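This report concerns only the one structure given below.
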Amino acid sequence: MFQSIYGVALYTRISLLTGIVVGLRPQCPAIRGDAADYLRDGTVRSHGPLRLRQGLIIAQVAMTVVLLCGAGLLVRSLLALTGDATGVRADEVLSMRVELAGLALQCDTTG
């Protein structure tokens, strides 16, 4: 159980870091530019069609909502599965692994 919690925490951190890096990437040209020019003009310079940017933002938000809903449903389903009884009694059960490395298995195909 604890291994899955650590995995979820790790992938959550990776996702957040990736989101921050990808989200801040478009701001790099503005950071490198002269901030005084931006403040003096009082206008925002656009480097592309405004409708396209707005459409991409709407699509990104819509995909984010769909992914978050899907992740929530997945977590809810996994929690429901871990709480259900499977009908198999696991007490007094012996399990073992047998490896057949080095043995050549021959099948009788004449029958």
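Key figures for this structure:
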quantity	calculated
Thr64-Thr82 pseudo-label distance in nm [points 7 Å out on the Cα-to-Cβ vector]	2.8
In nm, spacing of pseudo-spin labels at Arg13 and Val98 (7 Å Cα→C-beta vector)	4.4
Nitroxide proxy distance, nm - points 7 Å out along Cα→Cβ at Val75 and Ser4	1.3
In sequence order, calculated HN-Hα J values of the stretch 83-100 (Karplus, 6.51, -1.76, 1.60; Hz; x Gly/Pro)	x, 7, 7, 8, x, 10, 7, 9, 7, 6, 10, 9, 10, 8, 10, 10, 9, 9
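Every read-out reported here was derived from the displayed coordinates using simple, explicitly stated rules and does not represent laboratory data. All figures in this text were calculated on a predicted structure; none of them were measured in a lab. Neighbour counts run over all protein chains shown; Cβ positions are idealised from the backbone, glycine included.
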